[in-house]
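Below is one structure; the comments refer to it alone.
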Amino acid sequence: VTFRAEPGLRLAPQPNLDHMSLRVLAPSVTRLDDSRWRMYFESRGRADRPPVICSAISSIMLDWDLEEGIRLENRYGVRGPRYLPLAQGGGRLYC
C-alpha cells in the first residue's frame, strides 16, 4: 500500500464563526447508516473562548459540509474528539 498526500484542504477555519475562526484540528471520522461520513473535530476561536467540538458531513470524504452549531462545549475546553462505534449501534464521542 502506498499513501500519497492529496492537494487541498478538506475543512478550514471559518473567520465568520467565533468558535471556529482560528483553527480546525484532530478529526475523527465515522460512517453513517446512509453511507455518508461524519467528521467530528476540535475547533478554536479567539483566546477568550474555549475550544469546542463541531462536525461536518461528506459522501466522498473529500468535500465536507460543515454542520451548523456546536456538538460539544465545556467552559474548561475540550480536546481532540474520538468517535468509537458500539457493536449494538450508535457510538460514543470521547474528548
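Site pair Glu6 and Asp33 shows an inter-label distance of 2.7 nm when each label is modelled 7 Å from Cα along Cα→Cβ. Dipole size of the stretch 12-53 about its Cα centre, with +1 on Lys/Arg Cβ and -1 on Asp/Glu Cβ: approximately 100 debye, rounded to the nearest 20.
Derived value for the chain: Kirkwood hydrodynamic radius 14.2 Å. Basis is the mean of 1/r over every pair of different alpha-carbon atoms. Placing dummy labels 7 Å off each Cα toward the beta-carbon, the span from Asn74 to Ser59 is 3.6 nm.
Multiply the residue separation of Arg23 and Arg82 by 0.36 nm, subtract the distance between their alpha-carbon atoms, and state the gained length in nm to one decimal. Extra length available between Arg23 and Arg82 comes to 19.5 nm. Its alpha carbons give the stretch 1-42 an Rg and a Dmax of 13.3, 40 Å. Just to verify a number: FRET efficiency for Ala47 and Arg92, C-beta to C-beta distance, R0 = 35 Å, to 0.05? So, using R0 = 35 Å, E works out to roughly 0.70. Here is the size of the stretch 21-75 from its Cα atoms: Rg then Dmax, 11.9, 38 Å. Loop exposure criterion: trypsin sites (Lys or Arg not before Pro), DSSP state outside H, G, I, E and B, at most 12 other Cβ atoms within 10 Å. Applied to the chain, the longest stretch between such sites is 5-45. Count Lys and Arg as plus one, Asp and Glu as minus one, and take only other residues whose Cβ is under 10 Å from that of Ile53; the net charge is then 0. Placing +1 on each Lys and Arg Cβ and -1 on each Asp and Glu Cβ, with no other charges, gives the chain a dipole about its Cα centre of roughly 400 debye.
As a fraction of the 1.4 Å probe accessible area of the chain, surface on carbon and sulfur atoms comes out at 50 percent.
The values are calculated or read from the model by the stated rules, or taken from the named source; none is laboratory data. It should be emphasised that the depicted structure is a prediction, and the values quoted were computed from it without experimental measurement. Positions of Cβ are generated from backbone atoms using ideal geometry, with glycine treated the same way; all protein chains shown enter the neighbour counts. The protein model used for the area step is the full one, side chains on, heavy atoms only, and it has no ligands, DNA or RNA in it. Shrake-Rupley method; radii C 1.70, N 1.55, O 1.52, S 1.80 Å.
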